[in-house]
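Please read the structure below before turning to the comments.
Read the figures in this text as sums done on the coordinates, not as results from a lab. These numbers were taken from a predicted model, which means no experiment stands behind them. Every residue, glycine as well, gets a Cβ built from its backbone with ideal geometry; the counts of neighbours run over all protein chains shown.
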Amino acid sequence: MENPLKQRDNQRPEWMSTWSQFIGQSPFSQNATAQPDLELMQQLLEGATRGDSCLPASAEQVHALQDLVIHVAESTQAVAPFVYEEQRLYLYRYWLLEQRLAEQVSRLKQQQIQPVQLAADHQLLQDEYQKKALAMVAEKGLSIITGGPGTGKTYTLARIIAVLNQAIPNLRIAMAAPTGKAAQRMKEALQHSFSDEKLAALVTEDLKRLTPVTLHRLLGLGTTQQPRFHGKQPLPYDVIVVDEASMLDLNLAHMLFAAVPDQARLILLGDANQLASVDVGAVLADLQQVPALAEHRVNFVNSHRFKQGALIGEMARFIQHQHQAQDTTQLLHEFSQQVVVASELTAIPLSAQMEDHIQLEYLPQNTKQSLDWSMYYDKLMLGYQGYLDTLKNYLSADEPAQWVDTLVKVFDDYRILTAIRHGTFGLVQLNAQIEQRLLEDLALYLSKQGDWYVGRPVMMTYNDYQLGLSNGDIGLCLKHRSQLEQFEVYFPSLDKWVPAARLPKSIQTAFALTIHKSQGSEFTHTAVVLDPAAQNLLSQELIYTAITRAKKVVSLLVDREAFAQALRQRTSRQSGLVHKVKKNLCLCSDFRRNGNFCKLKLT
C-alpha cells in the first residue's frame with residue numbers, strides 16, 4: 001500500500017516542494033548538518049492556499065525547522081522565513097500582517113471621534129437592531145454591521161450617512177467595496193434609499209452624488225501594489241464605508257485600516273456567513289469573535305426581503321444549521337421536507353410581484369462517459385431567453401442605443417453559478433455551451449468575429465490601471481456607437497465604453513461565474529450547478545453565498561453527494577488574529593490603568 005504521506009505530497013503543486021527545498025538551504029538556513037522538516041513547511045503552504053494564515057503546531061514539531069523559525073516568546077531575531085507564536089506556525093509575511101492589522105484595530109477602537117447627538121433621528125428606523133447600529137456609529141470610530149440578505153444593511157447605512165452629514169459640517173465621505181460589481185450594487189441601493197421621502201430633509205445633492213469605488217481605487221493601488229494612502233499619508237475622509245467586508249483578506253484589510261486617519265469613522269458592512277476572501281484571512285469573521293469589540297458590532301437578524309416562509313430565506317436558514325452528523329439520504333430527505341422537493345428545471349417567468357421560488361433537479365448518478373449532457377445545458381439556457389429576445393430587439397432596432405439600458409437590466413436578471421473552472425459543469429464548459437446556444441439562436445442576426453460577437457458578456461480577470469478596469473468588472477459587447485462594423489464593450493458599473501480590440505485576450509466570457517466571483521452581485525434568478533468534481537471544494541458558506549445572490553428564483557442542478565457535502569461542511573480558517581487583537585487591547589488597557597496614553601508603535 002502506498003504511503004499516505006507520499007500520496008498527499010503527490011497531490012500538492014510542485015512549487016511547494018521546490019520552495020521548501022530552496023528555503024531549507026543556505027543562506028536561509030545556517031545548519032549544514034541537518035535537513036529541516038520539509039513536510040511541515042509544505043503543510044503550511046498548503047494551508048495558505050486554503051486561506052489559513054497559520055498552522056497549529058507543537059514546540060516539538062517546530063523545533064525541526066531549526067534556525068528557520070523565530071520563537072516570538074523567546075527570540076529577538078528580526079526576520080526568518082517562519083514565526084512561531086502561541087502554538088501557531090506562520091509564514092513571516094502572514095504573521096506580520098496579522099500583527100499590524102491587530103495594532104490598527106486597537107488604534108481604531110480607542111480613537112476619539114466627534115460624537116453625534118441623535119435626538120429625533122431614531123424615528124428614521126423602526127427595527128431595534130438598525131437603531132442600535134445608528135447609535136453605535138454616532139459614538140464609535142469603528143463600527144461593524146453584519147446581517148444576512150435583505151436585513152437592511154444598506155437601507156440603514158443611508159440613514160446613518162444622512163444623519164452624520166447633517167450633524168457634522170463639511171463631512172468628507174468615502175464609499176468602497178472589494179469589487180466593481182459590489183460597488184455598483186452599493187451605489188444603486190444607496191440611491192434608492194436616499195430617494196425615500198422620510199430622508200428628503202436630510203439628503204443633500206452631495207450625498208446623491210456619492211459614488212462608491214473599489215477598495216483598490218480608494219487606496220490608490222497601482223501596478224506596484226503599493227497603496228498611495230497609508231499610515232503616513234492617510235485617506236482624506238472623515239467617514240469611510242466598506243461594503244461586502246466578508247471579502248477582506250489580511251493584506252487588503254491591513255492596508256485599509258492603516259490608511260484610516262485618526263478621528264475618522266470606519267464602517268464595515270457584510271455577511272459573515274458568506275464566503276471568506278479568496279486570499280489568506282477571514283477578517284470579518286475574526287473581528288466578530290473578539291469580546292472587546294462587542295460594543296462595536298451589531299448583527300441584523302430580521303429579514304425584510306424574505307418574508308416568513310419564503311423559500312430562499314428558508315433555504316438560507318436550513319444551510320446555517322449543523323448537519324455534519326447526517327448521512328446523504330437523511331439530509332436530502334430533510335431538505336425536501338423543509339425547503340423543496342426535487343423535480344425538473346423549467347422556465348420561470350420573472351415579474352416584479354412574484355413570490356420567491358426554488359426548483360431542484362438532481363444530476364443522474366453512476367453515469368457512463370457516453371451520457372449526453374445537452375439536455376442539462378438546454379435547461380440552464382432557459383434563464384437567458386429574456387436576454388435573447390432583448391438582443392433581437394437591439395440588433396433589429398433603427399436606434400439600438402435606446403435598448404442598451406434594457407439589455408443590461410435583462411442580462412442581470414439571470415446568471416449561472418458554479419464552484420469549479422473545469423469539467424462537465426465547470427466555468428469554461430458552461431460558458432462555451434451557453435455561447436453556442438446563443439449564437440445558434442441569433443444566427444440570422446449576428447456572427448462571431450474571432451472571440452467577439454454582439455451580446456457577449458465578459459469579465460476582467462485582473463486590474464488594468466491604464467483602462468481603468470478592475471478584476472471582476474463585467475461588460476457587454478455591443479455595436480460600436482459610431483463605427484457599426486466594430487465592437488465596443490459597455491461596463492455598466494463604470495458607465496464606461498471600451499473598444500473590444502483594446503481589451504486583453506485573457507478576458508473571460510461571463511454567462512456563468514464562479515460562486516467566488518459572484519460575491520457582491522445580485523440577480524433576480526440564479527442557477528447553481530454542483531457536480532461531483534466540485535465535492536471537495538464545497539461548503540455551507542459556498543452554497544449560502546450562491547443562493548443569496550438571488551432576489552426571486554434559485555434553480556439548483558446538483559449531484560446528490562456534492563449537494564449534501566455543501567450542506568454539511570462548514571469552513572473554518574486557521575488564524576491568530578483574534579488572539580492578537582485581544583492581546584493588543586489588553587496591552588492598551590494596562591497603559592490606561594497606569595495613567596498613560598496608549599499610542600501603538602507599528603512593527
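Quick look at the values:
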item: Computed over the chain: relative contact order in percent, which uses C-alpha pairs under 8 Å that are six or more apart; result: 15
item: Antiparallel DSSP beta bridges within the chain, percent to nearest 5; result: 35
item: Helix-only CD estimate at 222 nm, as mean residue ellipticity for the chain, using -39500 (n - 2.57) per DSSP H run (n ≥ 4); result: -11000 deg cm²/dmol
item: Debye log10 I(q)/I(0) at q = 0.23, 0.29 Å⁻¹ for the stretch 246-307, Cα point scatterers; result: -1.10, -1.33
item: Stretch in the chain that is longest and holds no GluC sites (Glu not before Pro) that DSSP places in a loop and that have at most 13 other beta carbons within 10 Å; result: 87-343
item: Contour excess over end-to-end distance, with Cα ends at A352 and H333 and 0.36 nm allotted per residue; result: 3.7 nm
item: Linear extension gain, T49 paired with Q486, 0.36 nm per residue minus alpha-carbon span; result: 153.2 nm
item: Number of Lys pairs (Cα under 13 Å; 8 or more positions apart or on different chains) in the stretch 114-259; result: 4
item: Using a Förster distance of 25 Å, the FRET efficiency for Q117-E197 (Cβ separation, nearest 0.05); result: 0.55
item: Percent of Cα pairs exceeding the 21 Å cut-off, where the set is the stretch 61-203; result: 59
item: 20 Å binning of all Cα-Cα separations within the chain, expressed as whole percents from 0 upward; result: 18, 49, 30, 3, 0
item: The stretch 455-593: relative contact order as a whole-number percent, Cα under 8 Å and 6+ apart; result: 17
item: FRET efficiency, 1/(1 + (r/R0)^6) with R0 25 Å, evaluated for V278 and V341 via beta carbons; result: 0.10
